[in-house]
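Q: One structure, pasted below without further comment.
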Amino acid sequence: MADQAHGVGGLTYDKSKRAWPNEINIFMALVIIVLIFELMGQVLPYMNNQSFLFDFNTDRDGTILNIARLKIIILQVSIIGIISLGVTQVIISGGIDLSSGPLVAATAMIVMSFAQTELVNGNPNPKAVFGPWAFDLPVIVPIIVGLCFGAMIGAINGAFIAFTRIPPFIATLGMFLICRGIAQWWTRGQPVSFPTESYAWLGSGMMPVIWFALLAVLCHFLLRYTVYGKHTYAIGSNEDAARMSGINVKRHKILVYMIASMLAAIAAIVLSSKNLTAQSGMGLFYELFAIAMAVIGGISLTGGRGSIIGTVLGAMVFGVIQSGFTYVKLDAYFQLMAMGGIIIGAVVLDQWRQQRAASRS
Amino acid sequence: MSGIELHDMGDIILETRDLTKHYGGVHALEGADFILRKGEHVAIMGDNGAGKSTFVRQITGVEQRTRGEIIFDGKPVHFDGPLDARRAGIEAVFQTLALADHLDVPDNLFLGREKTKWDWLGPFRLLDYKAMRADTLAALEKTGVKIPNINNTIERMSGGQRQCVAIARTASFHSKLTIMDEPTAALGVQETAQVENIIRTLKEQGEPLILISHNMRQVMDLVDRIIVFRRGRIVANLNKSETDGQDVVAYITGAKTQPEYDIEGVT
């Protein structure tokens with residue numbers, strides 16, 4: 001069928017005529033940012049010709065890349081990255097989810113209390129939440145509890161947004177506070193610690209990266225190749241058209257928010273496992289960083305446009321910038337400010353590019 | 001609904017009896033009696049505000065009628081919304097297009113009725129892109145619609161191309177009744193010709209059509225019968241073979257009214 005003109009209509013399906021994918025732009029931006037930091041490393045006097053992501057002088061691990069730093073960058077973004085996979089789907093459907101950060105905290109607190117060991121160094125677990133029945137449960141129990149809690153919060157978010165006229169911003173802002181409240185109430189502010197060995201394995205070493213990669217592939221597949229994904233884009237693009245086409249918009253929105261919250265719950269499991277503890281204050285700014293990753297990845301906040309590949313690249317840009325700031329020894333106080341500026345810049349640049357593309361066609 | 005007698009519904013696809021719509025004190029549509037036979041193409045003409053669009057909005061369930069009956073495909077119907085009407089088999093192209101701007105042509109054509117594989121996956125069943133693409137090309141070719149690249153998203157298309165996609169989508173549904181509300185109002189000469197080709201294709205396939213249009217040449221070219229609305233009432237029901245453009249204009253402007261519709265004369 002490809003590259004073939006069709007009779008009277010002159011119709012074509014021409015792969016070469018496909019629109020330039022936005023993801024290539026983001027990848028190029030990523031490369032440019034890496035090169036800028038690389039250059040700064042060579043030019044700035046206090047850097048002593050240290051390299052950022054490359055490894056010219058030594059051949060410790062036989063590659064030109066500085067694998068150690070690359071690993072740290074990916075590891076740093078993978079947990080928020082998991083959240084951003086869900087946030088991406090919500091934004092594509094025309095919504096927004098502000099509740100994911102506190103949801104991480106609430107889920108981590110609850111899940112951790114089902115993952116505790118009975119004995120710590122031979123002594124009873126000092127942080128025990130429940131009685132003896134909750135000690136040393138199989139690892140599947142906390143996982144299922146976490147996913148169910150995430151699904152429940154997502155369903156409530158989605159139901160409020162679908163069945164009332166409350167804007168997603170307000171509904172999930174309410175859930176933001178509710179979840180932070182749940183996280184604090186669960187143990188009256190006490191941290192929950194000392195998980196079982198099998199639970200601790202879930203977030204150990206490079207495991208967060210593996211979860212992020214697997215879930216990214218799964219979400220990319222869902223959005224690109226399934227009816228679920230097509231309807232998510234359709235609803236974000238033109239909700240009335242979607243409804244008129246017979247799509248059950250309300251049910252679909254609930255499903256999208258459920259999937260997003262379940263991804264946040266998975267992030268909570270991985271994070272609490274990695275930290276070996278859960279605290280009510282964890283996940284601070286995560287919802288905003290997750291949205292920022294999607295935005296850097298070229299998503300449209302009005303819905304209908306964006307992709308998982310873009311968001312993964314956005315997460316990488318996020319991580320590279322964060323790591324680069326530390327590498328050029330930028331004061332920690334300035335890092336958040338600079339990050340904010342970069343996010344605004346990314347959106348302005350994207351809008352400008354969209355307008356130019358629109359005026360060209 | 002017991003009082004309705006269903007006489008001789010054999011070849012009638014749509015009938016309205018005393019269809020009336022009041023917006024507060026405004027009588028936008030008053031006592032419209034209308035019959036459409038299977039395979040028939042009928043044009044609705046009239047000045048702005050004559051009640052054409054109001055009439056269509058009652059039939060397609062966009063609005064709820066004040067009074068009257070709608071009998072579609074042999075049954076009295078009461079649509080809660082446009083989706084209800086569409087499920088019953090009434091397909092409408094509205095002046096505001098119902099397309100998803102960020103999706104491409106096959107996606108829009110098959111929106112809500114995607115071809116899928118692995119249906120046991122429920123909402124996560126797989127899209128059969130290949131089949132949808134092939135069917136899209138076939139459907140567009142059949143209707144003669146020219147779109148340079150069906151992989152373009154709708155937002156990258158001209159107004160005319162968008163309209164063609166919307167109409168091709170409607171035509172490919174094989175609905176029991178198609179309604180087009182000024183489908184060529186914003187189009188150039190070539191694009192108008194394409195849309196008219198689609199309408200001819202529908203005629204060949206024996207699919208009934210209600211066409212709202214201001215374009216006299218188009219109406220005379222395409223339809224079998226012309227209904228004229230004036231100030232919320234039907235004032236003429238004209239067979240194309242027994243009328244001409246000047247005659248129709250006389251009814252539209254109020255210079256003439258068919259005797260059977262002359263309310264002032266009756267009351």
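We did not get these values from a lab; they are worked out from the coordinates using the rules stated. Since this is a predicted model, take the numbers as computed values, not measurements. Here the Cβ positions follow ideal geometry from the backbone for every residue, glycine too, while neighbour counts run over all protein chains shown.
Q: Set the Förster radius R0 to 35 Å, insert the Cβ-Cβ distance between B:D262 and B:Y23 as r into 1/(1 + (r/R0)^6), and round the FRET efficiency to 0.05.
A: After rounding, the FRET efficiency stands at 0.90.
Q: Please give the charge dipole size of segment A:30-172, origin at the Cα centre, charges +1 on K and R Cβ atoms and -1 on D and E Cβ atoms. Round to the nearest 20 debye.
A: 300
Q: Still on this model: Can you list the residues, at least 5 places off or on another chain, whose amide H is less than 5 Å from the amide H of B:R37, using H built in the peptide plane?
A: Distant-sequence amide H within range of B:R37: B:I13.
Q: Over all distinct alpha-carbon pairs, what is the Kirkwood Rh of segment A:21-348 in angstrom?
A: Result for segment A:21-348 stands at 20.7 Å.
Q: Another question, if that's okay. Going by how many other beta carbons lie within 10 Å of each one, how would you line up B:R169, A:R188, fewest first?
A: A:R188, B:R169
Q: With unit charges on the beta carbon (Lys/Arg positive, Asp/Glu negative), name the residue among A:L255, A:L65, A:F37 whose Cα is farthest towards the positive pole of the charge dipole of chain A.
A: A:L255
Q: Just rank A:L218, B:L29, A:L313, fewest to most, by other beta-carbon atoms within 10 angstrom.
A: A:L218, A:L313, B:L29
Q: With Cβ to Cβ distances under 13 Å as the rule, what net charge do the other residues near B:Q194 carry (K, R +1; D, E -1)?
A: Surrounding charge for B:Q194 is +1.
Q: Which distance in nm do the two modelled labels at B:D47 and A:T302 give, with both placed 7 Å along the Cα-to-Cβ direction?
A: Distance between label points: 3.7 nm.
Q: Considering only A:A108, A:A267, A:A216, give the residue with the highest GNM mean-square fluctuation for chain A, with springs between Cα atoms whenever their separation is below 10 Å.
A: A:A216
Q: Here is a further query. Looking only at B:Q161, B:Q194, B:Q246, which one moves most when chain B is put into a Gaussian network model with springs between Cα atoms under 10 Å?
A: Maximum fluctuation in the GNM of chain B, among the listed residues, is at B:Q246.
Q: In angstroms, what radius of gyration and Dmax does chain B have, counting Cα atoms only?
A: 19.5, 65
Q: Next question, about the same structure. Short version: ³J(HN,Hα) in whole Hz for each residue of segment A:120-136, in order, from phi by Karplus 6.51 cos²θ - 1.76 cosθ + 1.60 (θ = phi - 60°), x for Gly and Pro, what are they?
A: So the J values, rounded to whole Hz, are 10, 6, x, 9, x, 4, x, 9, 4, 9, 9, x, x, 4, 8, 7, 6.
Q: With springs connecting C-alpha atoms under 10 Å apart, model chain A as a Gaussian network and identify which of A:F289, A:F27, A:F130 has the largest mean-square fluctuation.
A: Result for chain A, Cα springs under 10 Å: A:F130 fluctuates most.
Q: What whole number of Å gives the distance from the Cα centroid of segment A:282-361 to the Cα centroid of segment A:88-127?
A: Value for the Cα centre distance between the two parts: 26 Å.
Q: Which of the listed residues, A:C148, A:M244, B:T116, is farthest toward the dipole's positive end in the protein assembly as shown, when Lys, Arg count +1 and Asp, Glu count -1 at the beta-carbon?
A: Going by the charge dipole, the pick is A:C148.
Q: Could you tally up the Lys pairs in segment B:12-266 with alpha carbons closer than 16 Å? Skip any pair fewer than 8 positions apart unless they're on separate chains.
A: 10
Q: Only Lys, Arg, Asp and Glu count, each charged at its Cβ (+1, +1, -1, -1), so figure out the dipole size of the protein assembly as shown about its Cα centre, rounded to 20 debye.
A: Value, rounded to 20: 1120 debye.
Q: On to the next question. About its Cα centre, what dipole magnitude does chain B give when the only charges are +1 on Lys and Arg Cβ and -1 on Asp and Glu Cβ, stated in debye to the nearest 20?
A: Magnitude of the dipole: close to 620 debye.
Q: Go through segment B:161-177 residue by residue and turn each phi into a ³J(HN,Hα) via Karplus (6.51, -1.76, 1.60, θ = phi - 60°); whole Hz please, and just put x for glycine and proline.
A: 5, 4, 4, 5, 4, 4, 6, 4, 4, 4, 5, 7, 7, 6, 7, 7, 8
Q: Can you count the Lys pairs in chain A whose Cα atoms are under 29 Å apart, with each pair 8 or more apart or on different chains? Let's see the in-between values first.
A: On the way: A:K15/A:K230; A:K17/A:K230; A:K71/A:K274; A:K71/A:K329; A:K127/A:K274; A:K230/A:K250; A:K230/A:K253; A:K274/A:K329.
Taking the Cα cut-off of 29 Å, the pair count is 8.
Q: Additional query: Can you give the Rg and Dmax of the protein assembly as shown based on its C-alpha atoms, in angstrom?
A: Gyration radius and largest Cα-Cα distance of the protein assembly as shown: 30.9, 104 Å.
Q: I've got another one for you. How long are the semi-axes of the equivalent ellipsoid of segment B:84-228, taking √(5λ) for every eigenvalue λ of the Cα gyration tensor, in whole Å from largest down?
A: Largest first, segment B:84-228 gives 27, 17, 13 Å.
Q: Amide H neighbours of B:T60 under 5 Å, at least 5 residues apart or on other chains, H built in the peptide plane: list them.
A: So B:T60 has HN proximity to no qualifying residue.
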